[in-house]
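What follows is a set of notes on a single structure, which appears directly below.
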Amino acid sequence: MLGYIIRRLLQVIPVLWLVATSTFFLMHAAPGGPFDSERQISAEIQANINARYHLDEPLGKQYLRYLQMLASGDLGPSFRYADRSVNEIIATTFPVSAMVGLIGLFFALSIGLSTGIFAASKLNSWRDYSAMLLALLGISLPSFVVGPLMILLFSIKLGWFSVSGYNRLQDLLLPGLTMGIMYAAFFARLTRGGISEIIRQDFIRTAKAKGLSNTVIMLRHTLKGGLLPATSFLGPAATAMLTGSLVVETIFNLPGLGRFFVQSALNRDYTLVMGCVLFLAVLIVIMNLLVDLAYAFLDPRVTYD
Amino acid sequence: MQDLVFSSRIIKYGALLALHALVFTSASTIARAAGATQPGRISPAPAIQFAEAKEQILHVGNGAEIKDADPTKATGIPESHVIENLFEGLTAHDPLTLAAIPGVAQSWQISADGKIYTFHLRKNARWSDGTGITARDFVYSWQRAVAPETASEYAYQLYCLKNGKEINTGTTKDLNALGVKALDDYTLEVSLNHPVPYFLHLTSFHTYFPTPQHVIKKFSGNGEWTRAGNMVSNGPFKLSEWILNKHIKLEPNPYYWDKEAVKLSAVYIHPIENVDTEEKSFWAGELHMTLQVPLIKVPSYLDEARKNPRAYHPYKMEPYLGTYFYRFNTSKPPFNDKRVRRAFTISINRQLLIDKVTRHHEIPADSLCPPGLDGYDFPGTLQATVSKETLAEAQELMSQAGYPHGKGFPNVSILYNTLDNHKKIALAVRQMWKDSLGVEVGLFNQEWKVYLDTQRKMQYEISRAGWIGDYPDPNTFLDMFVTNGANNQTGWANKEYDRLIEQAANTSEHKARLDLFRQAETILMDELPIAPVYIHTNTRLVSEKVKLVIPHEPVRSWHGNLTDRLLFKYYALAK
Amino acid sequence: MIKQKTTFVAENEGGGPSRRDLFADAAAGRSLWQDSWRRLAQNKLAVAGLLYLLLQCLLALLAPYLSSYSYADADLLLGPTPPGGEHLCGTDDLGRDILARLLFGARISLAVGFLATAVSMVIGVSYGAISGYLGGRVDTVMMRLLEVLYALPFTFFVIILMVIFGRNIYLLFIALGAVQWLTMARIVRGQVLSIKNREYVEAALTIGVSHWRIIWRHIIPNIIGPVIVYSTLTIPVVVLEEAFLSFLGLGVQEPMASWGTLIADGVGAMETYPWMLIFPSFSLMVALLALNFLGDGLREAMDPQAGLD
């Protein structure tokens, strides 16, 4: 088990190298540079800037310089946000995204699992259909539609939350909910699917034949196996939610990390792009590992060595 | 956050100025105190009750997070909104007219040939840590601005100083060769390469601002000195908080020489990128001022103003020193043909575009230069609408060029960067060209940096462009199109035009100089490497509470200016 | 932002013989299909979903003949008009007919949905099948690589690709498809692995039945069910991904529209011209509903176990 965990964690190294290399060359292949603006600067001034940021060196050399820096745990200075290091930007913005993500995860799991169980408790009945219809609506409305609708209703009409930014912790509820709704829908469907699969299995039939009550069966037998599909989705879902969403953070104007994933690419902020992507990769590896461990717990047939 | 109410009950007619309120105007001024209902138009109104000192907290939307707060290195409008309140140059802006008024310099003399400026600094100017400001601070800052290692994008703003360009491009290594000398602690002598009639505007631009040598050196030249807690500034405000993508908080600078003029007790500058969120935030009472107004909402604001003309309307619209235009790639067919360029240019129905698409009451551009350029006026020839005669002329030109009714016209596209407004304008203009010239023009939308790259490499046929003037002088617009100018990007070259711009740069006599510019623009408007579309307006939502308190002037409602300077020194909040 | 949408991990991947395979062996491939089809036909919701999707495809194909308005032509003087009268769904703020734009937009959205899913199917099935069938060290390496690939922020790469290469519609199909194949590969590999180790397959191999015949007779019929089911789940994800790219301004090139671009345009007009948001959102929602009903129906129809309840 421990060996398995160590092996999985060691995976981070090839992952980081692959991510760093592909992102580095992809970014530098993109037209334009970090200092382009509508006001075209003269070649001489451009040369001064390139010299300062080592952009005048051959790409291979810049790549090695970056890897060297990375090896020492330094993600370098941001190009766009003058004099802020990428480490610092990630350190200050990730907590906000993670907070929203946790709230989102809470909504996603509580709404998703309860809807799924509710639907599965009586398959192919009206409550099953209506719960699943609701879940489908959640999936098919993009968050850039749900977000503004929420603001309109809860912040402007009802005045419960701040529209932009957050001053109090409660202001993170709305973005969390917006993010959670979509994932809740996925969890609901997966839970229902998982449970309906288990219900058909022999040991449940046996339990029924033995005269155990539905509730007992549900709690003792069905849930454990029925939650497997939802669990395997938990990894990617949690990663996506914790690292923040561009859409949610832009619409609610939150100082989170999610905005930087795309914005830094658009700004050609090479170091920040790399930093965000690498950070995300590490997080994905860890989350996937956690999920697999949870899997082993829920499903006795799965063992790791 | 306090509740902002957008109704007329804020102004209490006939109410006396409460004693505990800030008293910033003389009694006679209060009697004449004005609450303008329309931008610029002052109507008599009763006294205004100002909010208490601790409630003088202004919240402003400012678009994208600023890149840098170092005056020497920063570029961009959102940056200037922050920096111009933190720092002050030798000269400052008049908040309404933008004329150069004394800043750190109390007075100045200009030599007869217009090349030597002598500034006399005020002795009570201080940094926000209490250190006095001397002429040497300016020498340091300006030398730092042109030093190649600083890598300032705006270094070229100082190229008019003697040896400015030479030092920046590395041909002269000696920083002391720069045309700026401290004659004593409070006297600064500036030598220019040639007369620069707008030089006093430049000294109020942030690249020319003083920077605190003693602080920058402490952080060994790296940018950490611009962080809240580290930064020391000399303007009306100091930086007290800067949380990335959350807000920037300014507080009054206790050592500012004119600190009595500052009424606000804090300014929060919120980076809100999403226009819709910004607008919603304003209506929720979280902002006093926005940076923009969503295009699609403008008709309803205008309707509201029409229906209820006496009430206060937060939608504000000011002329702006900027032009929106399309570039033609003159280096290849079909736009190497002047006739085609003219046909395309005159068949844009500018008024219709403004009324139905851009909607901010922009001014149809009849030439490149917007009004307000220091007395410069050019009798533009382009029309706002497309008359029958114009249409006939355009079609005739296309026939002459070999494309009757658009037949045989090559595939061309409008290049624009990803932004809703540009998209809509391109769609509308495309339709106009299709209807009037029979030409089917494609659209080509690129992400910002790719667009800049494509435009620079001239891999386009038609490209949307815009230009905002740095200072109110025609040079800021017209020198863009000199042959091989970095911002020309049309491939257009004209020797006579180059000569006129060059000659204007060396002419100090105001009228003669403007005349040279006029001749140059005549050539430009005849050749049309660009199709001017409209003159920008600057629109934002402003709460009724925001007032301008300018010395020796009646208190007035918020009022913008031509280059969108937000000078919070003059702002105050009504109750 | 990064939607590592997945992960209907093959239910039987963890090991243990799946009932599905036993049944598949008992009934020959063909009659399994007939059974599935009969079960699907009995599922009213699934049939309704299928019919709706067919209708929507037909409408999209016939778009030029159905609307008297062009999706591209702006009418500035008309401006935004509410639904009703000449413009059934109203016009947008440039006076363009929304119905026409919806019909043409369906082309892009459906094409993105189906083609990108097809791309993911091709990559995922080949990768998974090769890994599972060859087994051994190849399988180990390929699965390790897959684990590494799972950690790549693919949506981010799609964005960079779209930024670099512009709004190339084919690139969009491929890029979105290339993001979605990982889970498909895992499902297929698990399925192949469990079939391959059946005794009768091993027996067939020893008596000299060719690999191709085994693949054709035993493996393909067994993986096609889960593949189709997973594909119907991928389509909505891809369509939404396109909408997300449109929100960033990286969708299709104007004046062409997709449902995603129409919704993105409509969001800003939510309060002023709500019909600009309502109609495209509704179209997207109903199509996704239909797809999901069909997907659920297929899953149940393809699972012989379902019939026993």
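The values are calculated or read from the model by the stated rules, or taken from the named source; none is laboratory data. Please read all numbers here as calculations on a predicted model, not as lab measurements. Here the Cβ positions follow ideal geometry from the backbone for every residue, glycine too, while neighbour counts run over all protein chains shown. Ligands, DNA and RNA are stripped out before the accessible areas are found, and what is left, the full protein with its side chains, is counted by its heavy atoms. Shrake-Rupley method; radii C 1.70, N 1.55, O 1.52, S 1.80 Å.
Of the residues making up the range B:284-303, those that are in contact with a Phe, Trp or Tyr (Cβ under 7 Å, 6 or more places away or on another chain) and surrounded by fewer than 22 Cβ atoms within 10 Å (Cβ to Cβ) number 1.
Quick one: would you say B:Leu500 is open to solvent by 10 Å² or more (accessible area, probe 1.4 Å) and either part of a helix (DSSP H, G or I) or modelled with pLDDT of 90 or more (or both)?
no
Restricting attention to the range C:242-251, does a residue exist that is open to solvent by less than 10 Å² (accessible area, probe 1.4 Å), away from chain B (no Cβ under 14 Å), aliphatic (A, V, I, L, M) and touching a Pro at 6+ places or on another chain (Cβ under 9 Å)? Looking through the range C:242-251, at least one residue is open to solvent by less than 10 Å² (accessible area, probe 1.4 Å), away from chain B (no Cβ under 14 Å), aliphatic (A, V, I, L, M) and touching a Pro at 6+ places or on another chain (Cβ under 9 Å).
When you scan the range C:254-265, do you find a residue that is outside any helix (DSSP H, G or I) and in contact with a strand residue (DSSP E or B) (Cβ under 6 Å, 6 or more places away or on another chain), even just one? Yes, the range C:254-265 contains at least one residue that is outside any helix (DSSP H, G or I) and in contact with a strand residue (DSSP E or B) (Cβ under 6 Å, 6 or more places away or on another chain).
Could you tell me how many of the residues in the range A:151-166 are of a type in the set (Val, Ile, Thr) and within 15 Å of C:Met270 (Cα to Cα)? So the count comes out to 2. Exactly one residue out of C:Arg96, C:Arg137, C:Arg107, C:Arg101 is open to solvent by 60 Å² or more (accessible area, probe 1.4 Å), charged (D, E, K, R) and closer than 23 Å to C:Ala287 by Cβ: that is C:Arg107. Do we find that C:Ser258 is touching a Gly at 6+ places or on another chain (Cβ under 8 Å), buried (at least 17 other Cβ atoms within 10 Å of the Cβ) and more than 14 Å from chain B (Cβ to nearest Cβ) in this structure? Considered against the rule, which asks whether it is touching a Gly at 6+ places or on another chain (Cβ under 8 Å), buried (at least 17 other Cβ atoms within 10 Å of the Cβ) and more than 14 Å from chain B (Cβ to nearest Cβ), C:Ser258 comes out as no.
Exactly one residue among C:Phe154, C:Phe173 is hydrophobic (A, V, I, L, M, F, W, C), modelled with pLDDT of 80 or more and closer than 24 Å to A:Ser245 by Cα, and that residue is C:Phe173.
Checking each residue in the range C:151-202 for being within 13 Å of chain A (Cβ to nearest Cβ), surrounded by fewer than 24 Cβ atoms within 10 Å (Cβ to Cβ) and assigned to a loop (DSSP other than H, G, I, E, B) picks out C:Leu152, C:Gly166.
One residue stands out among those in the range A:140-167 that are closer than 30 Å to A:Gly194 by Cα, part of a helix (DSSP H, G or I) and open to solvent by 10 Å² or more (accessible area, probe 1.4 Å): the one that is nearest to the other protein chains (Cβ to nearest Cβ), which is A:Ser143.
Among what's in the range A:116-135 and is within 15 Å of C:Asn43 (Cβ to Cβ) and in a helix (DSSP H, G or I), pick the residue that is most open to solvent (accessible area, probe 1.4 Å). Ranking the qualifying residues of the range A:116-135, first place goes to A:Tyr129. A:Ala29 falls short on exactly one of the conditions (1) facing another protein chain (nearest Cβ under 9 Å); (2) open to solvent by 60 Å² or more (accessible area, probe 1.4 Å); (3) more than 30 Å from C:Met143 (Cα to Cα); (4) without any contact (Cβ under 8 Å) to a residue 40 or more places away in the chain, and that condition is (3). When the range B:412-445 is limited to residues that are within 24 Å of the chain's Cα centre (by Cα) and modelled with pLDDT under 90, the one that is farthest from the other protein chains (Cβ to nearest Cβ) turns out to be B:Asn421.
Considering A:Leu64, A:Leu55, A:Leu75, the condition of being more than 9 Å from every other protein chain (Cβ to nearest Cβ), crowded, with 18+ Cβ neighbours inside 10 Å and either in a helix (DSSP H, G or I) or free of Cβ contacts under 8 Å to residues at least 24 places away in the same chain (or both) is satisfied by A:Leu55 alone.
B:Lys238 - would you say it is part of a strand (DSSP E or B), modelled with pLDDT of 95 or more, buried (at least 21 other Cβ atoms within 10 Å of the Cβ) and among the basic types (Lys, Arg)? Yes. A single member of B:Gly485, B:Gly469 is touching a Ser or Thr at 6+ places or on another chain (Cβ under 8 Å) and within 14 Å of another protein chain (Cβ to nearest Cβ), and it is B:Gly469.
Listed by position, the strands (runs of 3 or more DSSP E) enclosed by the range B:63-133 that each have at least 3 residues that are open to solvent by 10 Å² or more (accessible area, probe 1.4 Å) and either more than 30 Å from A:Ser78 (Cβ to Cβ) or modelled with pLDDT of 95 or more (or both) are B:100-102, B:105-110, B:116-121.
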